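Participant: Here it is, the structure, as structure tokens.
The values are calculated or read from the model by the stated rules, or taken from the named source; none is laboratory data. Computed from a predicted structure; not experimentally measured. So basically every Cβ, Gly included, is an ideal-geometry build from the backbone, and we count neighbours across all protein chains shown. We work out accessible area using only protein heavy atoms, side chains counted, and drop any ligands, DNA or RNA first. Shrake-Rupley method; radii C 1.70, N 1.55, O 1.52, S 1.80 Å.
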Amino acid sequence: MLGVCYYPEHWPEARWTLDAAMMRDLGLTTVRIGEFAWSRLEPDPGHYDFAWMDRAIETLGAAGLKVVIGTPTATPPKWLIDAHPEILPVDIKTGHVRGFGSRRHYDFSSDVYLGEALRITTALAARYGTNRHVIGWQTDNELCCHDTAMSGSAAARQAFQHWCRDRYGTIDALNAAWGNVFWSMEYRDWDEIELPILAVTETSPSARYAYRQFSSDQVVRWHAAMVAAIRAHAKDQWITHNFIPMEQTGVDNFALCEQLDFVSFDNYPLGIADIALARAPADALMPFMRTGLPDLTALYLDQTRGLSKGAFWLMEQQPGPVNWAPHNPMPAPGMVRLWTLQAFAHGAACVSYFRWRQAPFAQEQMHAGLLRPDHQPAEAWDEIAQVAGELALLGSLADKAPQADVAVVVDIHSRYVSDIERQGAGYYYDRQLFRYFSALRALGLDVDCVAPGQDLTGYKLVVVPGLAAPGEADVAALMASDARIVIGPRSGAKTREFTFPEALPPGDLRGLVPVRVRAVETLRPDCNGALIAGNQRFESGVWRELLDVLDGEVLARYETGDAAVVRHGRATYVGCVTDDGYLRHLFEGLAAEAGLVTTALPPTLRLRRRGDLNFAFNYAPEPAEAPAPATAAFIIGSAVLSPYGVSVWRSE
Ligand code: GAL
């Protein structure tokens, strides 16, 4: 299925019928509407105006389109903010109130806002919960986008105090758990507890860790209430949310998605690549400036599928230049089609483009749509028409699961730890996650992204880029697995209270690889040391641990001769950040042992299987050879991939 995001309230009603017909003729079947329209749905307090939305839904439905309603809670209107200014969140870096005038100006701890958001959500669900043209709902929009997970408000402080009381029971227990004797940080009562922000220098890392988890819990609590409000009226319609990856928001998406029917993601490969490579040399960005980073897009798609426990939606797909990255190039010709097919290869059930028509007013004037502001087809139009036809060739994808032999464990706690305790300016959990994932993809391996503690039955190789503060269940799941396991540096570095584990890192992970981290050094990313594996020389740097080897085989050493990578049975512990070459070397060997076939791919060629369909994607401006068997029967394309081309063949 293909769809589009549409804002009927932005356009004269006289255009709606024509728009709907053009959408249908392009091959689109779904339309998302409504997610920022609060000021039109309730122009004055308590006075709802659903008539225009009724007509918009009727118009779209009459053209055969199915409608997804976004609840408008990301944009509380001016009258509501004026009546209850305490809804506004407080910036944790400055202590200033974040004001009205854009979006996401609300505090997850504000009970007033919770009530108001439930009111508008309930009113919408009651009106459209049985509408025959409405197939489903999107809650709010990109929760925690624009850095809004945490707030420094009075409401947040009070809620944090309650959260701490529930967690620790006594204030002495909290003081002991956080080590508050240090720097006289001890509290005598719950109402003395401060949010760990705006202090002179570094605040307690334990308090910050707790504050992160509290903030995530507040978002989950708020969202669960919205889902329940919709569910009460929309019994036969599904509910989803367009997620931001948890490395970006710091919210535990595994908890956030629990009540949903499936998970959606908004895919903006060029904006994300421009930001990810902002400080990289030009020759790192240039080849991917108009394609996005193939493995970063894939990582987000695979994470979304992992959250969704099955098929997912791309609720928004970039169709041209966006407006929000430092630089906003045009996609290479063919890339909108490629991204669309890539999403289906990784398990999507629908790709919905953002947005129907480029807006000639307001904040996103420079953001491409499928139509230009003058209503004429924009650059991506023909590619979308093409891909709409090609999807029919693939047949039903519903029964084709993209399950993989390799699992990558994605861990929010590692993100918290690397944010809270910088220690080395070059160490970021997100980068480690991406690099481990990318090394697997460069070997042609399909990957599932799983939660820590998830059952690992069936996987042959399990890769853990970091598990900084593992819970008991996380360790137990790894112990129970019979896969080959790779555990990255800084794992088991902390307890869940952000203290050292008693017998030093990697804590309970020592049950898998009996090593002890004796000391840690961090280095500037351009000042690497060596990593010597047999007669091969690689690099180590950024974060290097000195390991005492209690049992096991040393696979690689630093230039000093100290152990850097240790294997014990089926588990391997990597005690440093390595270069990409070492990761490929390590994964290739383990994959071969596990009976997995690998194909060394150039950075511009990627493969993905979905059921019996094999996809090859060429991100290069010149043709490439698809690594298909000689007998392969192609459904799309051929053995020679065109520039930015896609080929699909069926397995025998
Ligand atoms: C998304 C957001 C949309 C729109 C889009 C522009 O993050 O959900 O509302 O702003 O970015 O690329």
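Participant: Find the helices (runs of 4 or more DSSP H) located wholly in the range 46-134 whose residues include 3 or more that are open to solvent by less than 40 Å² (accessible area, probe 1.4 Å), and list them.
Facilitator: Filter on the range 46-134 gives 51-62, 111-128.
Participant: Let me ask something else. Taking only pairs six or more apart or across chains, which ones have beta-carbon atoms under 7 Å, a first residue in the range 158-179 that is farther than 12 Å from A210 by Cβ, and a second residue that is buried (at least 19 other Cβ atoms within 10 Å of the Cβ)?
Facilitator: Final answer for the pair search is A159/S109; A159/Q218; G179/S206.
Participant: Pick out the one residue from T560, T522, T572 that is polar (S, T, N, Q) and under 25 Å from A473 (Cα atoms).
Facilitator: Within the list T560, T522, T572, the selection yields T572.
Participant: Which one is surrounded by the fewest Cβ atoms within 10 Å (Cβ to Cβ) among residues in the range 483-522 that are assigned to a loop (DSSP other than H, G, I, E, B) and among the polar types (S, T, N, Q)?
Facilitator: Only one residue fits best here, namely T499.
Here is a yes/no grid of residues against (1) open to solvent by 40 Å² or more (accessible area, probe 1.4 Å); (2) in contact with a Lys or Arg (Cβ under 8 Å, 6 or more places away or on another chain); (3) within 16 Å of the ligand (Cβ to nearest atom); (4) closer than 19 Å to Q365 by Cα:
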site: R290; (1), (2), (3), (4): yes, no, no, no
site: D295; (1), (2), (3), (4): no, yes, no, no
site: D302; (1), (2), (3), (4): no, no, no, no
site: V322; (1), (2), (3), (4): no, no, yes, yes
site: H327; (1), (2), (3), (4): yes, no, yes, yes
site: Y353; (1), (2), (3), (4): no, no, yes, yes
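Participant: Ok, one more. When you go through A349, A368, A280 one by one, which is the residue that is within 16 Å of the ligand (Cβ to nearest atom), open to solvent by 10 Å² or more (accessible area, probe 1.4 Å) and either farther than 27 Å from I635 by Cα or at pLDDT 95 or above (or both)?
Facilitator: A368
Participant: Report, by residue number, each residue of the range 223-244 that is assigned to a helix (DSSP H, G or I), open to solvent by 10 Å² or more (accessible area, probe 1.4 Å) and not hydrophobic (A, V, I, L, M, F, W, C).
Facilitator: R231, H233
Participant: Please enumerate the residues belonging to the range 372-387 that are open to solvent by less than 60 Å² (accessible area, probe 1.4 Å), more than 16 Å from the ligand (Cβ to nearest atom), in contact (Cβ under 8 Å) with a residue 24 or more places away in the chain and within 23 Å of Y644 (Cα to Cα).
Facilitator: W381, E383, I384, A385, V387 - these are the residues of the range 372-387 that are open to solvent by less than 60 Å² (accessible area, probe 1.4 Å), more than 16 Å from the ligand (Cβ to nearest atom), in contact (Cβ under 8 Å) with a residue 24 or more places away in the chain and within 23 Å of Y644 (Cα to Cα).
Participant: Do the conditions hold for G334, that is, is it in contact (Cβ under 8 Å) with a residue 12 or more places away in the chain, at positive phi and in contact with a helix residue (DSSP H, G or I) (Cβ under 6 Å, 6 or more places away or on another chain)?
Facilitator: no
Participant: Which one is nearest to the ligand (Cβ to nearest atom), of the residues in the range 245-256 that are open to solvent by 10 Å² or more (accessible area, probe 1.4 Å) and part of a loop (DSSP other than H, G, I, E, B)?
Facilitator: P245
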